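Student: Before I ask anything, here is the structure I am working with.
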């Protein structure tokens, strides 16, 4: 996740080192001594085996020759912050990229903390890449604003393009997607997750209509996306897949809100022999699901749609039972968007081989969960709602010894909700799931003892995210702050790289994090800490800290300034609703010329010295030129 | 839908909230509440305790606390009265909240009819509305309020048969609709059955699981 490495200041560009021969970055090597030319070729042939970007960053810093060779051989380009480097600079250095990962807005944008129109547009990147990256095959965008015109440019510019992954993006419609499909001569892996704007089936229709000119679409994945058509305007996009066998390997549309033409879908599935993943939306009833499964027994990953009866007496139960009986390859199940838990038992035949199960949209009680979960000994990933309760989590702990990732979402995501899971469930999980690597746990009642116990039992934890939803809640048994619990996590879980804290926390908690969180890269803090000391502990104690997002904490300028020596090592700092003033932020901006210090106001007209939202990140190119009026770059 | 949510929350919700929400007054460990007392008490901002800056943290902290006080003063201290919902908290994405909104759908079965319907109990404010909806749904009934009790019955005018609305609760027992307060009913009702009156007498004994609708 580190920024693309750049040569240290002295090495920027080809500044005078005194050698007579410098090849131009284009690498013709015309002026290079013969021996050096061979060396660089050899180097390139060796370096193309380096895949880790951190290794590549390190290699590029060895000397100029290695820098050039590495640049020529990097085919996967990762840009963790689209504003940290300019498109032209990236394209100028890396000429042969085939795969791009680009991230835009800060994560708090997911929770409506970043105003719309803030930025992170794809357009300037495409403009730079289009003439240069003729071999581009894959693009993965996260929290980037993508316009239809961008997708048009994308489709026109990269003849080998085949994989598009959009996660939490916005700004486009399916009209843009249609054009992608038309111009891709090779197969496409299209994955769109969490799209939040104007994603219509009308566009999907156009998208699919272009398929007649290409039969090579491999995947169309629309994940966590809001499709905003009115029912009247919904278009039958599924019918637009070309006749004959397809190359489809993955079809995911579980978040498309409009009904789809079932006959067309069934026909499509029947003629997609390579289909591995199929995730349908909630308008597909259980009865219909059976028919789809019957046509695709090779499926390994299934999103079950509503998993409920269609309203009329629709006894899909027997059909479901036999369908799952026949689906020997299923290892991943999700969906369950409807309410009908009475069909749950039909998945029984596949439970033994399930490695991933997502019940996070299903209101399931402990009694309903138990018969299923006790038959899933190979589960590695589990998502549930807290409706399963501590009892349900006890059953998970008893049954899923191989569990690596657990997510417990709240049924009722408000501060005042009852919360159905607690410290009891956490302790149970920690006792049973010793191999746990990642946990996200929403609750209302927690104790230090439970968190400490988890830290002792689950020492392989890499990600620990605990969200006590009521703000400032202490240990509900002792009344004490949650300092000791989180302290134990950072102390005992030596591989921890990501942490989210909550509950009543004092500076002591942050002292612990600073002292023990030596591998910590990502930290989320909300409604915690007493004084600026907390921030100082973090910034001066955690050498690997890359991403720090803070909201509603009593941290002020003194805390902010205590990190001046560290900010260049970080990807970004976000602080909102804290106690920062313009003076403090300006002082940071003055001290650190390569930081871009953005003060975001979303209350127009409020003119005072306090800073509502600070977003600060290192950049090689200085302040961006596309900042909206509500962003003040210091 | 999510976009609208995002827009409205960005423009309107934030404006009223941020300054109040930053007024955190956090207690030092053990300073303001006895151990274990009121562990379940929900904490609003008006209930959060005063931060006694520097009291037991030692003198080193004075310069920091002084600045914190100054910042607090400049931010405009506004005690909040109610528990306003804060933007983006708890950090659950809006599409996840929306997807789970309707969780009071129950199936409705009518004795003698081959089909089922579904109703969202949360759409109704009370029993009368529910019965009206059921009446419209099955279209052949009229509502007849029994003069003797609080029971409400549905009457099929064709054959004069009376139907009693019953429901299966969370424990699997079949109860008469109307016996408990509406909200309790909504929370505990798993499915509805319009039972012929003649059979309804069996509801006198409570734990008779209905195995017709498994």
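Student: If residue B:118 satisfies all but one of (1) at pLDDT 65 or above; (2) on the phi > 0 side of the Ramachandran plot, what's the number of the condition it fails?
Tutor: Of the numbered conditions (1) at pLDDT 65 or above; (2) on the phi > 0 side of the Ramachandran plot, the odd one out for residue B:118 is (2).
Student: Also: Tally the residues that are surrounded by fewer than 20 Cβ atoms within 10 Å (Cβ to Cβ) and assigned to a loop (DSSP other than H, G, I, E, B), restricting the search to the stretch A:86-96.
Tutor: Of the residues in that region, 3 qualify.
Student: Sticking with this one: Of all residues in the stretch B:86-115, which are at the interface with chain A (Cβ under 7 Å from one of its Cβ atoms) and either at pLDDT below 70 or in a strand (DSSP E or B) (or both)?
Tutor: B:99, B:100, B:103, B:105, B:114, B:115
Student: Here's another thing I want to ask about it. For residues that are outside any loop (DSSP other than H, G, I, E, B), touching a helix residue (DSSP H, G or I) at 6+ places or on another chain (Cβ under 9 Å) and modelled with pLDDT of 90 or more, tally how many sit in the stretch A:288-319.
Tutor: 10
Student: Still on this structure, please answer the following. Inside the stretch A:104-143, can you point out the residues that are part of a strand (DSSP E or B) and modelled with pLDDT of 90 or more?
Tutor: A:121
Student: Go through A:499, A:477, A:505 for me and flag whichever is in contact with a helix residue (DSSP H, G or I) (Cβ under 9 Å, 6 or more places away or on another chain), more than 12 Å from chain B (Cβ to nearest Cβ) and either under 20 Å from residue A:575 (Cα atoms) or at pLDDT 95 or above (or both).
Tutor: Residue meeting the stated conditions: A:499.
Student: Residues A:573, A:560: which one is surrounded by 21 or more Cβ atoms within 10 Å (Cβ to Cβ) and in a strand (DSSP E or B)?
Tutor: So the residue among A:573, A:560 that is surrounded by 21 or more Cβ atoms within 10 Å (Cβ to Cβ) and in a strand (DSSP E or B) is A:573.
Student: Out of all the residues in the stretch A:503-518, is one or more buried (at least 24 other Cβ atoms within 10 Å of the Cβ) and under 23 Å from the mean Cα position of the chain (by Cα)?
Tutor: Yes, some residue in the stretch A:503-518 is buried (at least 24 other Cβ atoms within 10 Å of the Cβ) and under 23 Å from the mean Cα position of the chain (by Cα).
Student: Looking at (1) within 14 Å of another protein chain (Cβ to nearest Cβ); (2) in a helix (DSSP H, G or I), can you tell me which one residue A:395 breaks?
Tutor: Evaluating residue A:395 over (1) within 14 Å of another protein chain (Cβ to nearest Cβ); (2) in a helix (DSSP H, G or I) leaves (1) as the failure.
Student: Quick check, is residue A:251 modelled with pLDDT of 70 or more and closer than 22 Å to residue A:334 by Cβ?
Tutor: For residue A:251, the condition - modelled with pLDDT of 70 or more and closer than 22 Å to residue A:334 by Cβ - is met.
Student: Can you tell me which residue is surrounded by the fewest Cβ atoms within 10 Å (Cβ to Cβ) among those in the stretch A:439-474 that are at the interface with chain B (Cβ under 8 Å from one of its Cβ atoms) and touching a helix residue (DSSP H, G or I) at 6+ places or on another chain (Cβ under 7 Å)?
Tutor: Among those that are at the interface with chain B (Cβ under 8 Å from one of its Cβ atoms) and touching a helix residue (DSSP H, G or I) at 6+ places or on another chain (Cβ under 7 Å), it is A:445.
The values are calculated or read from the model by the stated rules, or taken from the named source; none is laboratory data. None of these values were measured; they are calculated from a predicted model. Please note: Cβ atoms are built from the backbone with ideal geometry, for glycine as well, and neighbour counts cover all protein chains shown.
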